[in-house]
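What follows is a set of notes on a single structure, which appears directly below.
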Amino acid sequence: MNRKHLVFIVNPKSGVEREKAIQRAIDNRLDTNTYSYEIQHTEYAKHGTELARNAAAKNAYAVVAVGGDGSVNDIVTGLIGTDTSLGIIPKGSGNGMARTMQIPLNEEEAIDVINKGNTIKMDIGYANERPFISNAGVAFDALISRKFAKSTRRGFAMYSWLVTKYMWSYNEWDWDITIDGKHLKERAFIVCVANGRQFGYNFQIAPDANWTDGLFDLIIINKFPKILSAAIVVRAMTGTLTSSPYVKHYRGKDIIITNPNLTLMQTDGDAHQCTNKVHFKMVHSAQKVIVP
């Protein structure tokens, strides 16, 4: 019987200890009667996309992203349109999509999920042709993504510090938004186009989002008294954000967001330059993924 081949893709910058933990988890838990495997390493930005594409071309059963939403995004970009499944071992800072999919954060338990081999087809979003799996945005979250990327420290403490530091000085913008042909004007602090439920760290920006329903959840956090910031965060952490009077929630598959001064967006937590108009399109059931 031919074994199914897995390609684990690891970012060596994540550290020697993390790499040892992954190897230990594979040694301890991977069902080697069913699976053969190899571990590959990324060496530069977007290398994961190339490695995933090559693995799919060689008919790998699955490519396993060892990392956070940014790493998963790189690998999905290389797999879209192929028959190779995506696997995830969550090893990033926030792990938003893994949490949404209920993939365990413990690497050995994540290997157990891969052993079971239960696959489902997930939706993929595009922001100006740039694919994303979890969420994309153009306002405060894009600013924080850029600041976080430039930070030498990672983790929840750094993320929280950046949010707190910049929230008080951030000025809301006026946005022109079109959802499936319906036009809105909003003065907003956050405009997030979500496929998954959270940014990571259990901060649920779109608690009702479903990554298999073919629809985006558009979350707009309007201008609010900054003194109420803690209350907004508590709602996000408890899955009740959309019931806030400062939050609007829409669903749609084709969204256009415009502001004449717009130059920055984020997709899956990575910041990018963009034009003053960002067009979000949904592709339903675009990629097979291994889930519990």
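We did not get these values from a lab; they are worked out from the coordinates using the rules stated. Everything numeric here is computed off the predicted structure, so don't read it as measured data. As a convention, Cβ positions derive from the backbone with ideal geometry for all residues, glycine included, and neighbour counts pool all protein chains shown.
GNM remark for the chain: springs join alpha carbons under 10 Å apart, and the peak mean-square fluctuation among Leu228, Leu143, Leu105 falls on Leu228. Place a point 7 Å from the Cα of Ser285 along the Cα-to-Cβ direction; which residues of the stretch 91-127 have their backbone N under 17 Å from it? Inside the label zone: 119-125.
Work through the residues other than Leu6 whose Cβ is under 15 Å from its Cβ and net out their charges, Lys, Arg +1 and Asp, Glu -1. The answer is 0.
Computed over neighbours whose Cβ is under 9 Å from that of Met282, the net charge equals 0, Lys and Arg +1, Asp and Glu -1. With a Förster radius of 51 Å applied to the C-beta separation of Lys223 and Asn118, the computed FRET efficiency comes to 0.75. In the elastic network of the chain, a GNM with C-alpha springs shorter than 10 Å, the most mobile of Gly200, Gly181, Gly125 is Gly181. Distance between the pseudo-spin-label points of Ile39 and Trp168 (7 Å out from Cα toward the beta carbon): 4.5 nm.
Of the listed pairs Lys165/Lys185; Lys58/Lys116; Lys20/Lys91; Lys253/Lys281, which have alpha-carbon separations greater than 18 Å here? Exceeds cut-off: Lys165/Lys185; Lys58/Lys116. Here Arg24, Arg130 are placed in order of increasing Cβ neighbour count within 10 Å, fewest first, which gives Arg24, Arg130. Note that the stretch 130-284 carries a Kirkwood radius of 15.5 Å, evaluated over its alpha carbons pair by pair.
Cross-link partners of Lys4 among aspartates and glutamates, defined as those whose alpha carbon lies under 17 angstrom from its own and excluding same-chain residues fewer than eight positions apart: Asp27, Asp31, Glu38, Asp83, Asp112.
Thr119: net charge of surrounding residues, Cβ under 14 Å, Lys/Arg +1, Asp/Glu -1, itself excluded? Local charge sum for Thr119: +3. For the chain, the relative contact order comes to 21 percent (Cα pairs under 8 Å, sequence separation of at least 6).
Note on the chain: the C-alpha convex hull projects to 14.4 nm² when averaged across all orientations.
With contacts taken as Cα pairs under 8 Å and at least 6 residues apart, the stretch 130-284 reaches a relative contact order of 29 percent. Comparing Val234, Val63, Val247 in a Gaussian network model of the chain, where Cα atoms under 10 Å apart are tied by springs, the biggest mean-square fluctuation is seen for Val234.
Potential lengthening of the chain between Asp83 and Thr240 amounts to 52.8 nm, from the contour at 0.36 nm per residue minus the alpha-carbon distance.
Would you mind getting me the FRET efficiency between Leu264 and Asp213? Use the beta-carbon distance for r and R0 = 25 Å, nearest 0.05. Present the calculation step by step, with values, prior to reporting the outcome.
Values: r = 29 Å, r/R0 = 1.14.
That pair, Leu264 with Asp213, gives E of 0.30.
Inter-label distance, Arg187 to Val233: 2.5 nm, where each label sits 7 Å from its Cα along the C-beta direction.
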